[in-house]
Amino acid sequence: MELFDTHAHLDFKDYDDLPEVLEASSENNVSQILNVGIDIDSSRASLQLARDYEEIYAAAGIHPNNGDRLDDQGIEVLRMLAADKKLVAIGEIGLDYYRDRVSKRIQQEAFCKQIALAKELGLPMVIHDREAHRDIVNILRKEQAYDVGGVFHCFSGDWNMAKWGLDNNFLIAIGGVVTFKNAHDLRDVASRLPRDGMLLETDCPFLAPEPKRGKRNEPAYLRYTAGYISALRKTSLEEIAYFTTLNGRKLFSI
Ligand code: NI
């Protein structure tokens, strides 16, 4: 059995024990990890991890909360990183209206520039959407993001939004939140998604699933989320692992 953690931040300072974390991850059947950048430094660090560890792949991008730091030189660096074979996506990019350090207008500009970059490079996008569902959909539609598609990471919308994503070349990534008591909408989405529309992720170090909720998250805990979803969908853990890993490999051309 193989699992694919499609969203991790192993370059964060939380992981001074990275070799042990990766050992636990492989003991728990996680055979691929996508490490995702949030700014220029972490995009570089993600690619370095991908060069150092066979099972790690990288995404490069500027998180909406850092949107004010994206200039032309930043785009040039992202373009340069993307020349590496192990750089398989642009992200995480999108909108975060929960935090307002960066204005909506600047977030939207950074988002549009990076959609254009993903299309130019022919790379799928890792989309961050927090309390911005409507604008995410409007911008993806306006920029014709369908051409490259990607994934709605740590999906937090309802079934209608998931359906829009599936119809527009996006997969839906389910994280540990699905195991939380009040995650009714997400459970609805996770039970209705077609097999070819679902990915799994940890978003570690954040959002550890039950029974690790509140602790530092890590790829090894992906099995709790996968196990929960297999019970929800009344199928085997092996089947969930099989199709979500296949979907991830296809999306990121691994
Ligand atoms: Ni993230």
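Given Cα positions, please report Rg to Rh for the stretch 3-246, the hydrodynamic radius being the Kirkwood one. Please report the intermediate quantities before stating the final value.
Details: Rg = 16.7 Å, Rh = 17.7 Å.
Using only Cα positions, Rg/Rh for the stretch 3-246 is 0.94.
What are the aspartates and glutamates whose alpha-carbon lies under 17 Å from the alpha-carbon of LYS119, with same-chain residues fewer than 8 places away excluded?
Hits, sequence-local ones excluded: ASP72, GLU76, ASP84, GLU92, GLU109, GLU143, ASP147.
Within 10 Å, count the other beta carbons around each residue, average over each peptide in 140-148, 117-125, and list them highest first.
Numbers: 140-148: 15.9, 117-125: 19.7.
Descending mean neighbour count gives 117-125, 140-148.
Please report, in Å, the Rg and the Dmax of the stretch 115-196, where both are computed over Cα atoms only.
When restricted to the Cα atoms of the stretch 115-196, Rg and Dmax are 12.7, 41 Å.
Per residue, how large is the accessible surface of the chain? Use a 1.4 angstrom probe and give square angstrom.
Working: 11280 Å² over 254 residues.
Here the per-residue accessible area is 44 Å².
Please give every one of the lysines within straight-line cross-link reach of LYS104, meaning a C-alpha to C-alpha distance under 17 Å, and leave out same-chain neighbours fewer than 8 residues apart.
Hits, sequence-local ones excluded: LYS113, LYS142.
Give the carbon-plus-sulfur fraction of the accessible surface of the chain in %, rounded to a whole number; probe 1.4 Å, heavy atoms of protein chains only. Present the calculation step by step, with values, prior to reporting the outcome.
Working: 5260 of 11280 Å².
Summing carbon and sulfur atoms, their accessible area is 47 percent of the total for the chain.
Run the reach check for LYS13 against lysines, Cα to Cα strictly under 21 Å, same-chain hits fewer than 8 apart removed. What comes back?
Within the straight-line limit of under 21 Å, LYS13 reaches these lysines: LYS212, LYS215.
Once the Cα atoms of the stretch 1-90 are picked out, what are the Rg and Dmax in Å?
Every Cα atom of the stretch 1-90 included, Rg and Dmax give 13.3, 43 Å.
Could you give the distance between the Cα centres of the stretch 16-58 and the stretch 87-112, to the whole Å?
First find each Cα centre; the distance between them is then 23 Å.
The values are calculated or read from the model by the stated rules, or taken from the named source; none is laboratory data. Given the structure is predicted, the values throughout are model-derived calculations rather than measurements. All Cβ positions, even for glycine, are placed from backbone atoms using ideal geometry, and neighbour counts span all protein chains on display. The protein model used for the area step is the full one, side chains on, heavy atoms only, and it has no ligands, DNA or RNA in it. Shrake-Rupley method; radii C 1.70, N 1.55, O 1.52, S 1.80 Å.
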